[in-house]
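Step one of this worksheet: look at the structure below.
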Amino acid sequence: MKFPEDFIWGAATSSYQIEGAAYRDGGGRSVWDMLGRQAGRIANGDTGEIACDHYHHYKKDIDLMAEVGLQAYRFSISWPRVLPDGAGKVNQQGLDFYSRLVDTLLEKNITPWITLFHWDFPYELYCRGGWLNRDSADWFADYTQLVVDRLSDRVSHWITLNEPQCFIGLGHQDGIHAPGMKMGVSEVLLAGHNALRAHGKSVEVIRAQAKAAPFVGASQASIISIPVSDQPHDIEAARQHMFSIRKKHVFNNAWFSDPMILGRYPDEGVELFAADMPEIFAGDLECINQKLDYFGTNIYSGIHVRATADNGFAVVVKKDLAETAMGWPVTPEALYWGPGFFHQRYQMPVVITESGMANDDRVNNGMVHDRERIEFLDKYLGEYARAIEDGVPALGYFLWSLLDNFEWAEGYSKRFGIVYVDYETQQRVLKDSAGWYKNLIARHISESSQDAETATDKNHTVECV
Ligand code: GCO
């Protein structure tokens, strides 16, 4: 498989999933801290209080990143760690932690990609109405300003929101993620609208205030439609399915991305939600519709779709697909069709901001033989390379995840890392997949530099002639 010369190879994590030390050193509580205190909410009663204790082990974790040869590392800032009440009083110790993290990454030549919000919403702001409060967009803008002031001299890659589909859909509609609400559709859409406004205002702040020229996007939770054949009618059916909104739910591909990039909510959703649509104030859509530099998408799996006789689409359930430990089907073609369909609709270069799998990993004589993950990555990346070969501009890939970590409602029961974490001892073990990824990155770098040399030789030849 071949990737563009300047392609970015990275791995991703998020604050609540790895940091631990949740409200230590002056940090505040997040909605995830509070959900963890409610019995029966998280598998095995797990919480993120200690997690991978990355807050104290970040140096050794960055050594591991360097060992794998990562070029970029995507992590998130815990909003309540830097603003314990979500707004107002600043916790300098929290900001200092991220500043040290950035410095240590840069020392190792690893480019930081910062996610501003990966779900640990400040509990104090939740008590003031959370995303239902129209002020939430300004709270987020002020928080963005604080982070940008402190870090943008050294950081230029930004992701505003991670997966509004999840923190609004799973958190406010289905009640399985924090804050654990099961709200009516109109409240869910209002919360979503304010989160979109928060994204817009955050991008405005980054563009206006960042010291180093910023590169900005958001990360969407993407469910990919895969055509059952290469016939044009099946491809068209999959494309339609991919952007359709059929349920009164926000877990879909268009509801958040269309306003961000196209400046309007998708008609099909507006019709379906009808009276439940939130009030849209003058200027809201303009604020949400900021120029972005790339389309960030988190892709884990896809659904097969075929055309029907009446030019519609139908889902085809394939029974023979392997599944990950999350029970998600292994569908490598999602990394072919996903980038392709997104690029076609939004006309932007793509970055895979997350992709990977949970596996039933065990340590054996100090090693973790995660053959399943290697096969998974190999097949998925092969499809991504094929998309690029077919003309999709794609800038990078962030493997989810660097470390095994707190998998939200599943607690520590699911392991997504290329590094195994022993939660009792906080020891890390590079899994076989980490070695595989290291080789892939090294090979890519050496092939790219050879290609560059050949290109320079050719240029010389031309010049001489
Ligand atoms: C998500 C989140 C990650 C998850 C990962 C595996 O995509 O749901 O961004 O935090 O841990 O995706 O579920």
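The values are calculated or read from the model by the stated rules, or taken from the named source; none is laboratory data. Since we're looking at a predicted model, the values are computed, not measured. Here the Cβ is made from the backbone with ideal geometry for all residues, glycine too, and neighbour counts use every protein chain on show. Side chains included, ligands, DNA and RNA excluded: accessible areas come from the protein's heavy atoms. Shrake-Rupley method; radii C 1.70, N 1.55, O 1.52, S 1.80 Å.
Tell me which of these ARG264 doesn't satisfy, since it passes every other one: (1) assigned to a loop (DSSP other than H, G, I, E, B); (2) over 23 Å from the mean Cα position of the chain (by Cα).
Going through the list (1) assigned to a loop (DSSP other than H, G, I, E, B); (2) over 23 Å from the mean Cα position of the chain (by Cα), ARG264 breaks only (2).
Among the residues of segment 432-446, how many are open to solvent by 30 Å² or more (accessible area, probe 1.4 Å), touching a residue at least 12 places away in the same chain (Cβ under 8 Å) and closer than 24 Å to VAL363 by Cβ?
3
Hey, can you tell me all the residues within segment 188-247 that are out of contact with any strand residue (DSSP E or B) (no Cβ under 8 Å at 6 or more places or on another chain), surrounded by fewer than 17 Cβ atoms within 10 Å (Cβ to Cβ) and part of a helix (DSSP H, G or I)?
Of everything in segment 188-247, those that are out of contact with any strand residue (DSSP E or B) (no Cβ under 8 Å at 6 or more places or on another chain), surrounded by fewer than 17 Cβ atoms within 10 Å (Cβ to Cβ) and part of a helix (DSSP H, G or I) turn out to be GLU204, ALA208, GLN209, PRO232.
Considering segment 394-422 alone, what residues qualify as being in contact with a helix residue (DSSP H, G or I) (Cβ under 8 Å, 6 or more places away or on another chain), among the hydroxyl-bearing types (Ser, Thr, Tyr) and open to solvent by 10 Å² or more (accessible area, probe 1.4 Å)?
TYR412, SER413
Just give me the residues in segment 401-431 being within 10 Å of the ligand (Cβ to nearest atom) and without any contact (Cβ under 8 Å) to a residue 12 or more places away in the chain, in sequence order.
none
Would it be correct to say that GLU375 is in contact with a helix residue (DSSP H, G or I) (Cβ under 6 Å, 6 or more places away or on another chain), modelled with pLDDT of 95 or more and either open to solvent by less than 10 Å² (accessible area, probe 1.4 Å) or closer than 22 Å to VAL429 by Cα (or both)?
For GLU375, the condition - in contact with a helix residue (DSSP H, G or I) (Cβ under 6 Å, 6 or more places away or on another chain), modelled with pLDDT of 95 or more and either open to solvent by less than 10 Å² (accessible area, probe 1.4 Å) or closer than 22 Å to VAL429 by Cα (or both) - is not met.
Of all residues in segment 63-83, count the ones that are part of a loop (DSSP other than H, G, I, E, B) and of a type in the set (S, T, N, Q).
The number of residues fulfilling the criteria is 2.
Taking GLY86 and the conditions (1) open to solvent by less than 30 Å² (accessible area, probe 1.4 Å); (2) in a loop (DSSP other than H, G, I, E, B); (3) more than 22 Å from ALA218 (Cβ to Cβ), which numbered condition does it fall short on, given that it satisfies the others?
(3)
Which condition number does VAL330 fail, the rest of (1) open to solvent by less than 10 Å² (accessible area, probe 1.4 Å); (2) farther than 22 Å from ILE159 by Cβ being met?
(1)
Of the residues that make up segment 350-361, is at least one open to solvent by 40 Å² or more (accessible area, probe 1.4 Å) and more than 13 Å from the ligand (Cβ to nearest atom)?
yes
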